[in-house]
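The values are calculated or read from the model by the stated rules, or taken from the named source; none is laboratory data. Keep in mind that what you see is a predicted model, and the values were worked out from it rather than measured. Using ideal geometry, Cβ is built from the backbone for each residue, glycine included, and neighbour counts are taken over all protein chains shown.
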């Protein structure tokens, strides 16, 4: 095993390890020095570490501390509600879009033999048209910045007489339109990347194209593309901060209101706390993704283990008894 680990590179000797250690220590010291002189010292000279600015956020004895965290809690609650709705709708619609595009791709190749010629031409033309529409839909909403999509939804729907009442739904629809096409393309590429023999085997068993996609291709694509899917769900959570452009009371807009309402405005401190909470939430999501991926990998390894079969001598009496 040791020879296999070092066959592709030369193991560093004592001098190389010493140089690496010295270089690492020097880099850490340089980063610390840069952080002190470029970040900490300028902020300290401007009084950015005073309790007058940090007190409303970290001092429970501060008179506005409960009010600040009550408003931040409302903002985070609104953020999580919008993120949860957008994540669920994006997953559902993205999965449907991926299955639709896979089915249309298989239908485009169909010749419709045994069907009247005019009807066959009509069906083939319909398949080509639907495939083109789905492709254009994907390219449009994948190419548009999500902020434009959200603003367009909030501006266009009321013009067509569609009043959803709560601003939340405009944000959810905008996020869904953007992220569903991304998730749909992730799943479609995962299904198309599977070995072609699986589809051929399913067809030999008599499964329809839809059954093949639903029962064989789609579950595997979810497992294979899980890291990319989780990364996209983290993007959904972060993109909820764009709700401020349509006046949605998410945490970023609430933070701006808190900064303006305080006697001593503290944008650096407030955004630092909010950013830290965002980082912790996203880190928890990434760890959840790693856990789910490990569980799925362990499940595949368990199913791959050969089952222990009874010896023929032990099976023979049972077969004889069953035949009697």
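Selection of first residues in the range 201-223 that are within 14 Å of residue 106 (Cα to Cα) and of second residues that are modelled with pLDDT of 80 or more and part of a loop (DSSP other than H, G, I, E, B), restricted to Cβ pairs under 7 Å at least 6 apart or on distinct chains, gives the following pairs, ordered by first then second residue: 217/194. Of everything listed in (1) farther than 30 Å from residue 270 by Cα; (2) at pLDDT 85 or above; (3) surrounded by 11 or more Cβ atoms within 10 Å (Cβ to Cβ), the single unmet condition for residue 12 is (2). Once the range 241-268 is narrowed to residues that are touching a residue at least 24 places away in the same chain (Cβ under 8 Å) and part of a loop (DSSP other than H, G, I, E, B), the residue that is nearest to residue 48 (Cα to Cα) is 266. Considering (1) at pLDDT 85 or above; (2) under 16 Å from residue 68 (Cβ atoms); (3) in contact with a helix residue (DSSP H, G or I) (Cβ under 9 Å, 6 or more places away or on another chain), the lone condition that residue 260 does not fulfil carries the number (3). Can we say residue 18 is in a helix (DSSP H, G or I), at pLDDT below 90 and surrounded by 10 or more Cβ atoms within 10 Å (Cβ to Cβ)? Answer is yes for this residue. The residues listed here are 186, 150; of these, the one that is in a helix (DSSP H, G or I), touching a residue at least 60 places away in the same chain (Cβ under 8 Å) and closer than 18 Å to residue 239 by Cα is 150. When the range 85-128 is filtered for residues that are more than 21 Å from residue 192 (Cβ to Cβ) and crowded, with 16+ Cβ neighbours inside 10 Å, the ones remaining, listed by number, are 85, 86, 87, 89, 124. Checked against (1) in contact with a helix residue (DSSP H, G or I) (Cβ under 9 Å, 6 or more places away or on another chain); (2) loosely packed, with under 13 Cβ neighbours inside 10 Å, residue 70 passes all but condition (1). Condition check: part of a helix (DSSP H, G or I) and within 22 Å of the chain's Cα centre (by Cα). Does residue 27 satisfy that? So residue 27 does not fit the description; no. Would you confirm, using the coordinates I've provided, whether residue 226 is within 24 Å of residue 83 (Cβ to Cβ) and in contact (Cβ under 8 Å) with a residue 60 or more places away in the chain? Yes; evaluated as a whole, the condition is true for this residue.
Residue 176: within 20 Å of residue 135 (Cβ to Cβ) and either assigned to a helix (DSSP H, G or I) or out of contact with any strand residue (DSSP E or B) (no Cβ under 7 Å at 6 or more places or on another chain) (or both), yes or no? Yes.
One line per residue, one yes/no per condition, for (1) crowded, with 18+ Cβ neighbours inside 10 Å; (2) in contact with a helix residue (DSSP H, G or I) (Cβ under 8 Å, 6 or more places away or on another chain); (3) at pLDDT 90 or above:
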residue	(1), (2), (3)
160	no, no, no
166	no, no, no
171	yes, yes, yes
198	no, yes, no
219	no, no, no
